[in-house]
1. Can you tell me the order of 21-29, 163-171 when each peptide is scored by its average per-residue count of other Cβ atoms within 10 angstrom, highest first?
2. Rounding to the nearest 10 and keeping the result within 0 to 90°, find how far the Cα-based axis of helix 14-25 lies from the longest principal axis of the chain.
3. Helix 71-89 versus the longest principal axis of the chain: what angle, 0 to 90°, nearest 10, using Cα atoms?
4. Considering only ILE55, ILE85, ILE17, give the residue with the highest GNM mean-square fluctuation for the chain, with springs between Cα atoms whenever their separation is below 10 Å.
5. Cα-Cα over 32 Å: which of LYS122/LYS173; LYS114/LYS141; LYS23/LYS152; LYS71/LYS173; LYS114/LYS186?
6. Magnitude of the Cβ-charge dipole of the chain, K/R +1 and D/E -1, about the Cα centre, nearest 20 debye?
7. In a Debye calculation with equal point scatterers on the alpha-carbon sites of segment 83-195 and no solvent, what is log10 I(q)/I(0) at q = 0.10, 0.11, 0.21 Å⁻¹?
8. Could you give the angle, 0 to 90 degrees to the nearest 10, between helix 175-187's Cα long axis and the longest principal axis of the Cα atoms of the chain?
Amino acid sequence: MAYLTFDDGPTKVATPIILDILKEENVLATFFVIGSHVEEFPDIVKRAYEEGHFIANHSYSHQNTKLYQSKTSFLNEIQKTDEAIAKALGLPSYSSHLFRFPNGSHTSDYAVAKKNAKLYLKEIGYYYVDWNALNNDSMQKYSSSELLQNLKNSCKGKHTLVILMHDTIDVSKSYTALQESIQFLKQEGYSFATFSSFFSDNSSF
Ligand SMILES: [Zn+2]
């Protein structure tokens, strides 16, 4: 099984291109959105949702200094993002029950704050998920063939893949390698799922 995940969007250019490719390849993904970006581009989030993708929470500001200021500020970041998603989707309320920590849940920076934040998530019925495969699109500027090769290297020998990519154009443009990456994964025999189906299956994570 392969879970494609896109962090840090929505963004004006990258997200719609990614949605077009996912549609063409008939594959669903999970988008870990930033609340402030949702407010900026609500129509893009609505489109992703309506096309069957799962919208999950990646904080409101993506700024560790704000996120980990206090318990209240952490929970506010989650709540404000959920509210922004609900508004974008035209729903009375929304909760994905799924958070991804900016930069992942295990880092030497903010280690204690993140440990506490995991307890706060539990209190509000939230889970969190990191990744076990990536194309390194946020590390440096890679060409599309390098991004594909990075992904291939990182997938080796793994049965279940949670693949980290970004729907941004800040560093590398993952969308330039997305179609070939999906075709590679299909050839390797992976099926695609979002974390919404994971929650309803209640399987082994
Ligand atoms: Zn991020």
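Nothing in this text is a laboratory measurement; each read-out follows from the coordinates by a stated rule. Quick caveat: nothing in here was measured; it's all calculated off a predicted structure. Virtual Cβ from ideal backbone geometry, glycine too; neighbours counted across all protein chains shown.
1. Top of the packing list down: 163-171, 21-29.
2. It works out to around 50 degrees.
3. Long axis of 71-89 versus the principal axis of the chain: about 60 degrees.
4. Of ILE55, ILE85, ILE17, the Gaussian network model singles out ILE17 as fluctuating most.
5. LYS122/LYS173; LYS71/LYS173; LYS114/LYS186
6. 540 debye
7. -0.40, -0.48, -1.18
8. 70 degrees
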